[in-house]
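Only one structure is covered here, and it is reproduced in the block below.
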Amino acid sequence: MTKNQKFPIPELLAPAGSLEKLKTAVLYGAGAVYLGGQKFGLRAAADNFNQEQLRKAVSFAHAHGSKVNVVLNAFLHDSDFVGLSDFASELKMIGVDAVIVSDLGVIKTVLEAGGPEIHLSTQASCLNASAAKLWKSMGVSRVVLGREASLADAAIIKNESGLEVEMFVHGSMCMAFSGHCVISNYTQGRDSNRGGCAHSCRHEYKIALNQSEQEKNAFFMSSKDLEGLRLLKEYVEAGVDCLKIEGRMKSVHYAGTVTKVYAEALAHYQVHGNFLSDRIEEWANELRKVHHRAYTQASLVEPAGQDSIHNGQDGEGVESAVAGPIVAVTNDAMVIEVRRKFHDGEELELVPFQGPVQVFKASKLRSLSDMPLTETKPGSLVKIALIPGASEHVLVRSTGL
Ligand code: SF4
């Protein structure tokens, strides 16, 4: 610990829905990433990793000093267990640092297979020290607390159980006890507990509280998104070991930007021993630039209530979009994989792995074969003039929508 620092710095755990997102999160400061293999996880629609991609992921993360946790957090029926034991052994051999598990049967299978260390998933809704002690006696080394736990609960669970404690710091919430919901099963035939959640709670529904009242439309089950930025001091002082960012299904822009904000805030604490930074507003502003609903502190201090309902559509808070990540740098140009159209001379932002965002004007826009262009097409590779701070996986953003 540094001389100003009174408490250990928590690990920052970022979502890695693909190899590109994994590299981006690691380079922007994630101490660990979590991802899904092709079975046994809860994000069936994510770009999940095959064994070869898993090897590459572990190799890249470890080479940069970051850990890799693999989610095995589906609740399984007996017929789902085929191959789980071999998969757990392979994960250990590949060098995966931990698996995130909800189902007791999966915990038993991973332990018997000599798999990686086990972190209890938030899906298991651990909210008290008594439960944590029991999970510990069953071989779990870390609990990811249920989203209903407060920071005060976290301190008690940490002190009384001696287990590592992980808590969400940012991202989407679940209106049920994480994943213990079958709305998507009933409305869309998609099983939330097998990766099929269709976010049915975020849709607009008709509501009439009594027969005399006229029906009205409302998003009454849609939670705002969690933002723990202004409570980082409380997370640290509660002894939380790991801060988790939700969002394996979200964009590379989200993975890089949100990871950078929290990594820089934690690094600030490491040097100065506080979060009273005049950069808090700058970081909060960055968090408004990614796809999000309105932000809430959910149950971190007081139980979430009506103030945590987001009465609107997904993503209405987003304030900028990624023009594209840099995929290569030459002597005089950076090559951008275009995600959103921009034109020559447009004001853009370069988001370096560390330090403030740099605003610049795109110049010398051209194709890979150096044909001058006036504007770009999404999906294409283009070159623009090199500026300081550019390197592979750095994000380039448009300054507005
Ligand atoms: S539909 Fe909503 S409440 Fe249900 S599991 Fe999905 S996110 Fe949670």
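The values are calculated or read from the model by the stated rules, or taken from the named source; none is laboratory data. Model, not experiment: these values are computed from the prediction. When we count neighbours, we look across all protein chains shown, and the Cβ atoms used for this are built from the backbone with ideal geometry, even at glycine.
From the list Ser150, Ser125, Ser85, Ser141, which one is in contact with a helix residue (DSSP H, G or I) (Cβ under 6 Å, 6 or more places away or on another chain) and in contact (Cβ under 8 Å) with a residue 24 or more places away in the chain?
Ser85
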Failed item, numbered, when Val96 is tested on (1) over 21 Å from Val143 (Cα atoms); (2) at pLDDT 95 or above; (3) out of contact with any His (no Cβ under 6 Å at 6 or more places or on another chain) | (1)
Within segment 360-401, residues over 15 Å from Val327 (Cα atoms), among the small types (Gly, Ala, Ser) and surrounded by 15 or more Cβ atoms within 10 Å (Cβ to Cβ) come out as Ala362, Ser398
Among Glu281, Glu234, Glu246, Glu213, the single one that is of a type in the set (D, E, K, R) and within 16 Å of Gly29 (Cα to Cα) is Glu246
Applying the selection to segment 14-60, what residues are hydroxyl-bearing (Ser, Thr, Tyr) and either at pLDDT below 95 or surrounded by fewer than 21 Cβ atoms within 10 Å (Cβ to Cβ) (or both)?
-> Ser18, Ser59
Hey, can you tell me all the residues within segment 302-328 that are at pLDDT 95 or above and exposed (fewer than 15 other Cβ atoms within 10 Å of the Cβ)?
-> Val327
Could you check Lys260 against (1) over 25 Å from Ser178 (Cβ atoms); (2) over 16 Å from the mean Cα position of the chain (by Cα) and say which number it fails?
-> (2)
In segment 179-212, which residue that is more than 24 Å from Ser308 (Cβ to Cβ) and modelled with pLDDT under 80 is farthest from the ligand (Cβ to nearest atom)?
-> Ser212
Kindly indicate the residue of segment 163-178 that is more than 8 Å from the ligand (Cβ to nearest atom) and in a loop (DSSP other than H, G, I, E, B) and also surrounded by the most Cβ atoms within 10 Å (Cβ to Cβ) among those meeting that condition.
-> Leu163
Could you identify the single residue in Leu229, Leu276 that is of a type in the set (A, V, I, L, M, F, W, C) and closer than 30 Å to Gly195 by Cα?
-> Leu229
